[in-house]
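A.B. asks: Before we start, here is the structure in question, set down as structure tokens.
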Amino acid sequence: MDFKLYGGILILYFVRITGSYGLAMTLFSIVSLSNACFEVPTGIFSDLIGRKKTVLYGAFFATLSAIFYALGGSFWILGVGAFCEGISRSWYSGNNEAFLHDSLNQSGNKERFAEFLGKTSAMFQLALMVSAVIGSILANWSFPLIMWLSVIPQALCFFIALFLKNPDRLTPGQSNIFSHFKISVFHLWNNRKLRLLSLQSILSYGIGESSFNFGAVFINTIWPLWAIGFSKMISYGGATLSYWFSGKIIKKFGAINILIIANIYTRIANFIAYGKPTIISPVLMASSSVFYGATEVSKKTLMQKEYTQEQRATLESTNALFGNIFYALFSPLLGLIADHYSPAIALLFVQFCMLSVLYINFKLKKMETR
């Protein structure tokens, strides 16, 4: 799913075609808006119909997205690809983690969710790492080449999904999708801890993901195109190790403590990297990835504990819905700031915004110690 040769430099491909940071980030915004529009219906579909079919639909739209990106040529063709990518993400979102949770529950390994989520997630970081290095080197010769080659892994995803085994239904689903959604939102609203977890997830996704997608633009002002992949290699490599050992790390330090430590380190490293750009700035940016896997698994583990079994995928999709809406609003803003000032100034703005997430994490820590 994540072996995309354009993954580390997609923003540069978009900028080449659109000629604007703002328009390029708007394409990421389309992905997010499309994802948001279909997020809850697909989450409900997963809960009511089944996990395997949901994965198949996700793989189908991912393949379509890769094809339209490869066709390129104009903002509008890329926009269709972005729209399809958003639909694909909505099928995967919520469903894939619920698929893993239900499968582990069925086999009597529910308590090992953090461990298995970390190890399976390490695989997509490994794919991103390898594809980023190959993609940035090949992009020196031809951007269209890496875009068309990226279609192949997505088509293979669809084929592999045919062999997945759907877990048995563990809880009877509701037949009324509107009732299903209403109950999920009601549970989210009435659980204070889940509200805070959701808010920090929404903010960190909208702000952090926008920053990460835009990061290649800043790196390209310091390093040549072919070297960007090596910066991403450090980032994805650190995330791979972090995901793989996340279960042990969480057990030793605690989920909330990891969220706080990671945020503090990342803010310090990024303030230095963007405040005074030097040749080591991309390395500083990538260094925070050693916390990425552990923080993501920490968030998911804390949230899965608060979800009900009946609305597990729907609650995850509801949370992702608001995250995507916020991302869709924030990413064009980041591009516009870069157009009017500079990529470094835009990314410094991000660091101040991310302090809000640190504040929420301290509130969660306070709740935990009561």
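A.B. asks: Dipole size in debye (nearest 20) for the chain around its Cα centre, Lys and Arg Cβ +1, Asp and Glu Cβ -1?
C.D. replies: Values: 29 positive and 16 negative charges, 190 e Å.
In debye, rounded to 20, the chain gives about 920.
A.B. asks: If you don't mind, there's one more thing I want to ask. Averaging the inverse of every distinct alpha carbon separation and then flipping it gives the Kirkwood radius. What is it for the chain, in angstrom units?
C.D. replies: 20.8 Å
A.B. asks: Rounded, prolate or oblate: pick one for the range 1-158, where a ≥ b ≥ c are the square roots of the eigenvalues of its C-alpha gyration tensor, a/c under 1.5 means rounded, and failing that, prolate if a/b is larger than b/c, else oblate.
C.D. replies: Verdict is prolate for the range 1-158.
A.B. asks: Hey, another quick one. Any idea which of L100, A320, I137 is furthest toward the positive side of the dipole for the chain, if Lys and Arg beta-carbons carry +1 and Asp and Glu beta-carbons -1?
C.D. replies: Toward the positive end, the furthest listed residue is L100.
A.B. asks: Which of E316, E111, E296 moves most in a GNM of the chain, Cα contacts under 10 Å?
C.D. replies: E111
A.B. asks: Additional query: Rounded, prolate or oblate: pick one for the range 214-284, where a ≥ b ≥ c are the square roots of the eigenvalues of its C-alpha gyration tensor, a/c under 1.5 means rounded, and failing that, prolate if a/b is larger than b/c, else oblate.
C.D. replies: oblate
A.B. asks: May I ask you to give the percent of accessible area on the chain that is carbon plus sulfur, with a probe radius of 1.4 Å?
C.D. replies: 71 percent
A.B. asks: Hey, another quick one. Skip the ligands, DNA and RNA, and give the accessible area per residue of the chain with a 1.4 Å probe, whole Å². Before the final figure, lay out each step's value.
C.D. replies: Working: 16140 Å² over 370 residues.
With all protein chains present, the chain gives 44 Å² per residue.
A.B. asks: With an 8 Å Cα cut-off and a minimum separation of 6 or more residues, compute the relative contact order for the range 22-121 in percent.
C.D. replies: About 34 percent, as a whole number.
A.B. asks: Over the range 247-363, what relative contact order in percent results from Cα pairs under 8 Å that are six or more residues apart?
C.D. replies: Value for the range 247-363: 36 percent.
A.B. asks: For the pair L164 and I261, what calculated FRET efficiency results from E = 1/(1 + (r/R0)^6), where r is the Cβ-Cβ distance and R0 = 25 Å, to the nearest 0.05?
C.D. replies: Details: r = 36 Å, r/R0 = 1.44.
So the FRET efficiency works out to roughly 0.10.
A.B. asks: Using Cα pairs under 8 angstrom and six or more residues apart, how large is the relative contact order of the chain, in percent? Write out the running numbers ahead of the final one.
C.D. replies: On the way: 614 pairs, mean separation 109.4, N = 370.
Once divided by the residue count of the chain, the mean separation gives 30 percent.
A.B. asks: Then there's this: Just to confirm my numbers, what's the Cα centroid distance between the range 269-299 and the range 218-248 in Å?
C.D. replies: Using only Cα atoms, the two centres lie 9 Å from each other.
A.B. asks: Using r as the Cβ-Cβ distance of W141 and S20, and R0 as 25 Å, what FRET efficiency do you calculate, to the nearest 0.05?
C.D. replies: On the way: r = 25 Å, r/R0 = 1.00.
After rounding to 0.05, the efficiency reads 0.50.
A.B. asks: How much length, in nm to one decimal, is gained on full extension between S107 and F124, taken as 0.36 nm per residue of separation minus their Cα-Cα distance?
C.D. replies: 3.8 nm
The values are calculated or read from the model by the stated rules, or taken from the named source; none is laboratory data. As the structure is a computational prediction, the values presented were derived from the model and not from experiment. Neighbour counts run over all protein chains shown; Cβ positions are idealised from the backbone, glycine included. Surface areas here come from the heavy atoms of the whole protein model, side chains and all, with no ligands, DNA or RNA. Shrake-Rupley method; radii C 1.70, N 1.55, O 1.52, S 1.80 Å.
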